Amino acid sequence: MCVAMPGKIVKIEEDTATIEYPGATREAIIIDGDYKIGDYVFVSSKIIVMKIPEEEALKSLEVWKDVT
Amino acid sequence: MLPEVYFLRYAFPCARVLVDFRKTITEKEYEDMQRAVEEDRPLSRDYLEKIFFKAFEGMRKIDDDCWNVRTIREYFCEGHEDMLSTDLPPTIRRLCVVRPGKLVKEIKGFFKADLQDGDVRIVSALYKEAKVGDTAMVHYGYAVERIE
């Protein structure tokens, strides 16, 4: 089984977002698009790929917890 | 193209999960893997089969002799979806399924990819000479290869 994990934006400074995951915090660059604190996003190679709706993010974090 | 190089392009988008979730590779291994993708450097078959064992289970169902471009492509473009948790919400499922997208804009060395149905992402191209107008197979946040 495979699960990709979303994170929550907790800080934005210019084009750098700080993203919180369960047990970790990472930074990612906003290349394009409107993002704000509280948005759930997917990151790859240190860039934000896309936003996902909060309810889906929370559900996926639950799935993630179940398989851990 | 060497099948080792071709395989890693398709599999690399899943590698973050191996660091964060399965914890089968270290951050340092991840970084080396990223450099290998960027340099078209083949990693050993033994190593790839150990790290991405799930993919090889799926590939061997297609062809026992799976080290060829055709089987790798068939697995990732058609069989990979079966590896995903069925509980996953739709947006996340779509991210993990490999499918075609059009590169519509270049921004700071990355591309905006339109996969239709409102699925627009920022992706890194894993193949050389990627350009706006290309239709590419997209896996997670990566454009893996150009398709016709």
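Please turn the phi angles of the stretch B:59-72 into ³J(HN,Hα) values with the Karplus equation 6.51 cos²θ - 1.76 cosθ + 1.60 (θ = phi - 60°), one per residue in order, whole Hz, x for glycine and proline.
Working through the residues one at a time gives 5, 6, 6, 7, 7, 4, 8, 8, 7, 8, 4, 4, 5, 4 Hz.
Take every residue in peptide B:110-123, count the Cβ atoms of other chains within 10 Å of its Cβ, and give the average of those counts. Don't skip to the end; give the middle numbers.
Numbers: counts 6, 2, 3, 2, 0, 0, 0, 0, 0, 1, 4, 8, 12, 6.
Mean inter-chain Cβ contacts per residue within 10 Å come to 3.
Below 20 Å, Cα to Cα, which lysines can B:LYS54 reach? Residues fewer than 8 away in the same chain don't count.
Straight-line reach from B:LYS54, under 20 Å: B:LYS23.
Going by a ≥ b ≥ c, the root eigenvalues of the Cα gyration tensor, does the stretch B:6-78 fall in the rounded group (a/c under 1.5), the prolate group (a/b larger than b/c) or the oblate group?
Details: a/c = 1.98, a/b = 1.49, b/c = 1.33.
Prolate, since a/c reaches 1.5 and a/b exceeds b/c.
Would you mind checking which residues have amide H under 5 Å from B:TYR142's amide H? H placed 1.01 Å from N; only 5 or more apart, or other chain.
B:SER124
So for the stretch B:78-148, taking the charge dipole from beta-carbon charges (+1 Lys/Arg, -1 Asp/Glu), which of B:VAL120, B:HIS80, B:LEU95 sits furthest toward the positive end?
Value computed over the given set: B:VAL120.
Pairs of alpha-carbon atoms within less than 8 angstrom and 6+ residues apart define the contacts here; what relative contact order does chain B have, in percent? All intermediate terms of the calculation are to be shown ahead of the outcome.
Values: 200 pairs, mean separation 27.7, N = 148.
Relative contact order of chain B: 19 percent.
Based on the Cα atoms of the stretch B:90-147, what semi-axes does the equivalent ellipsoid have, where each is the square root of 5 times one gyration tensor eigenvalue, given in whole Å with the largest first?
Working: eigenvalues 57, 25, 19 Å².
Here the semi-axes work out to 17, 11, 10 Å.
Which ³J(HN,Hα) values in Hz, rounded to whole numbers, follow from the phi angles of the stretch A:35-47 under the Karplus curve 6.51 cos²θ - 1.76 cosθ + 1.60, where θ = phi - 60° and Gly and Pro get x?
10, 9, 4, x, 5, 9, 9, 10, 10, 9, 6, 6, 10
Give a residue-ordered list of calculated ³J(HN,Hα) values for the stretch B:122-139 (Karplus: 6.51 cos²θ - 1.76 cosθ + 1.60, θ = phi - 60°; whole Hz; x for Gly, Pro).
Working through the residues one at a time gives 9, 10, 9, 7, 9, 10, 6, 6, 5, 8, 4, x, 5, 9, 10, 6, 10, 10 Hz.
Taking only DSSP H segments of four or more residues, each worth -39500 (n - 2.57), what value at 222 nm results for chain B once the sum is divided by all its residues, to the nearest 500 deg cm²/dmol? Provide the component values of the computation, followed by the final result.
Values: 7 runs with 58 residues, N = 148.
Only helices count here, giving -10500 deg cm²/dmol.
What relative contact order, as a whole-number percentage, does the stretch B:3-83 give when Cα pairs under 8 Å and 6 or more residues apart are counted?
On the way: 57 pairs, mean separation 28.0, N = 81.
Dividing the mean separation by the residue count of the stretch B:3-83 yields 35 percent.
Read the figures in this text as sums done on the coordinates, not as results from a lab. Nothing here was measured: the structure is a model prediction, and the numbers come from that model. Reconstructed Cβ throughout: ideal geometry from the backbone, glycine too, with neighbour counts over all protein chains shown.
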